[in-house]
Amino acid sequence: MSALPRAHELGLIGCHICGLVCRDTQVEHAACPRCGAALHRRKPASCSRTWALLVAAFLLYIPANVLPIMRTVSLGDVDDNTILSGVVELWVKGSPDLAVIVFTASIVVPMMKFLVLSTLLLSVHRGTNWARTQRAKLYRLVEFIGYWSMLDVFVVSLLTALVQFGFFSQVEPLPGVVYFGLTVVLTMLASMSFDPRLIWDCKDEDD
Amino acid sequence: MNPSSSSIEHVQKALTPTLLICEHCDTVYRRRPLARGDVARCVRCHAVLERHQRIGLNAMFALVLTVMVVFVQANVWPIITLGFNGKQIHTTLWGIIEMMWREHSQVVAVLAAGTLFVFPLCKMLLLGWLLAYGRLGQRAPGFAPLMVVLHYIGPWTMSEVFVLGVLVSIVKAHLYFDVTPDAGVFAYAALALLITIFSGIDLRRLWDKIPEVGP
């Protein structure tokens with residue numbers, strides 16, 4: 001245990017912004033001497049913030065999937081696509097590989113974020129020692145891939161700008177895409193406000 | 001971010017040059033010099049603590065200048081051209097943002113403008129400013145607050161995702177139309193590459209690399 005001392009055991013505190021190692025003076029509202037940001041041992045109100053953002057993101061994720069994200073008009077034919085039907089279309093009409101990429105970015109990644117973050121939050125609440133290294137890895141994965149979900153939002157925007165031939169064919173964005181964009185932003189904020197240090201904060205005799 | 005001057009005095013002098021705290025689990029380490037290609041990992045949580053940085057301040061400055069040139073190209077040239085019955089439509093990034101604004105998706109327009117234009121631009125200009133001084137061994141005016149801003153902007157630049165989006169759009173539109181990628185796409189691809197190189201650089205090291213000149 002003594003081989004791997006943690007900051008609070010040594011009376012130290014690391015600035016979350018610039019990484020400076022400071023002595024923890026136990027003063028409220030201490031500021032980092034280097035970058036001026038507020039110093040705190042853990043991200044403030046990490047769990048409640050993450051829960052709030054995660055729940056909000058999940059609520060928006062429902063209309064994002066149920067409502068269509070894009071309308072294609074071609075020769076008077078109106079075709080509304082949801083995220084999932086867009087993936088199916090891509091799969092059927094010629095490029096399954098891209099369909100897999102889009103499916104991963106817009107369905108797998110957000111779902112994984114919901115699952116992983118809520119698992120992390122629950123396990124932190126229970127203060128369990130279970131699979132800590134793996135949980136830490138999962139968190140880093142979620143942080144790393146999170147923003148790729150924006151893919152579908154960009155695709156809809158690009159197609160909207162490209163295809164505008166009036167009656168012959170036109171692409172319009174539908175409300176689903178707005179909800180989806182907001183979901184991605186909220187999940188990103190949620191994973192940023194979670195503090196991975198909490199995973200290691202329970203008592204660790206068997207370290 | 002409220003540097004109340006009274007509390008700053010309570011915090012003892014910095015210990016950074018010798019110590020290092022894992023951002024992910026708060027384990028304290030003594031910093032060791034890294035050889036080329038070395039990556040220091042946390043023993044407890046396996047997160048990366050530090051990488052050896054091959055790129056010096058001058059090279060970083062050169063990279064930022066390159067990114068600026070490519071960024072201008074990516075925004076000036078059309079990205080995709082679509083042809084239908086002899087009619088052609090060119091799209092640029094701002095064309096896309098304007099279109100989404102007009103099509104009642106203002107939220108999306110703002111998101112795209114932020115993540116593909118405003119934040120990347122800010123990041124570039126800030127880094128350029130900090131490095132232009134830094135390579136001369138000086139801290140630029142406003143160094144500390146700008147470094148904090150840079151830290152917050154970091155995760156909100158999404159040009160790489162946009163490149164993939166262009167690819168998917170080309171394939172989707174190709175089902176019905178004649179689509180040709182334009183110069184803008186290549187500029188974006190180059191941009192994505194440069195961003196990948198940059199992502200290996202820990203910008204926090206600038207705090208140590210550009211030391212404060214004592215008053």
Distance between modelled label sites at residue B:65 and residue B:106, nm, 7 Å Cα→Cβ extension: 4.2 nm
Orphan Cys of chain A, criterion: no other Cys C-beta under 4.7 Å: A:22, A:47, A:202
C-alpha center-to-center spacing [the stretch B:26-69, the stretch B:126-194] in angstrom: 20 Å
Protection-proxy order for peptides B:74-81, A:189-196, each taking the mean of Cβ atoms within 10 Å per residue, highest first: A:189-196, B:74-81
Cα-Cα P(r), the stretch A:16-123, percent of pairs per 10 Å interval: 12, 26, 22, 18, 13, 8, 2, 0
Full-stretch length increase - residue A:126, residue A:79 - with 0.36 nm per residue and alpha-carbon distance subtracted: 12.1 nm
Order of B:152, A:61 - criterion: other Cβ atoms within 10 Å of each residue's Cβ, fewest first: B:152, A:61
Compactness of chain B as Cα Rg over 2.2 N^0.38 Å, two decimals: 1.27
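Figure the gain on full extension for residue A:66 and residue A:42 (residue separation times 0.36 nm, minus the Cα-Cα span) and round it to one decimal in nm. All intermediate terms of the calculation are to be shown ahead of the outcome.
On the way: separation 24, 0.36 × 24 = 8.64 nm, distance 3.74 nm.
4.9 nm is the gain from fully extending residue A:66 to residue A:42.
Which FRET efficiency, nearest 0.05, do residue A:25 and residue B:72 yield, Cβ-Cβ r, R0 41 Å?
0.30
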Histogram of C-alpha separations across chain A, 5 Å bin width, %: 1, 7, 12, 14, 14, 12, 10, 8, 7, 6, 4, 3, 1, 1, 0
Selected from B:123, B:172, B:87 as most flexible by GNM, with chain B as the system and alpha-carbon contacts under 10 Å: B:87
Where labels lie 7 Å past Cα in the beta-carbon direction, separation of residue A:192 and residue A:59 in nm: 2.1 nm
Relative contact order computed over the stretch B:131-215 (Cα-Cα under 8 Å; 6+ residues apart), in percent: 46 percent
The protein assembly as shown - convex hull of the alpha-carbon atoms, volume per residue in Å³: 151 Å³
Spacing of the two label points (7 Å from each Cα toward its C-beta) at residue A:8 and residue B:94, in nm: 5.1 nm
Selected from A:50, A:82, A:25 as most flexible by GNM, with chain A as the system and alpha-carbon contacts under 10 Å: A:25
For the stretch A:56-103: rounded, prolate or oblate by the Cα gyration tensor [a/c cutoff 1.5]: oblate
Label-reachable residues, the stretch A:134-158, where backbone N falls under 19 Å from a point 7 Å from residue B:196's Cα toward its Cβ: A:144-151
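Every number here is computed from the coordinates shown, using simple stated rules; none is lab data. Computed from a prediction, not measured in an experiment: that's the story for all the values here. Counting neighbours? That spans all protein chains shown, and the Cβs are built from the backbone with ideal geometry, glycine included.
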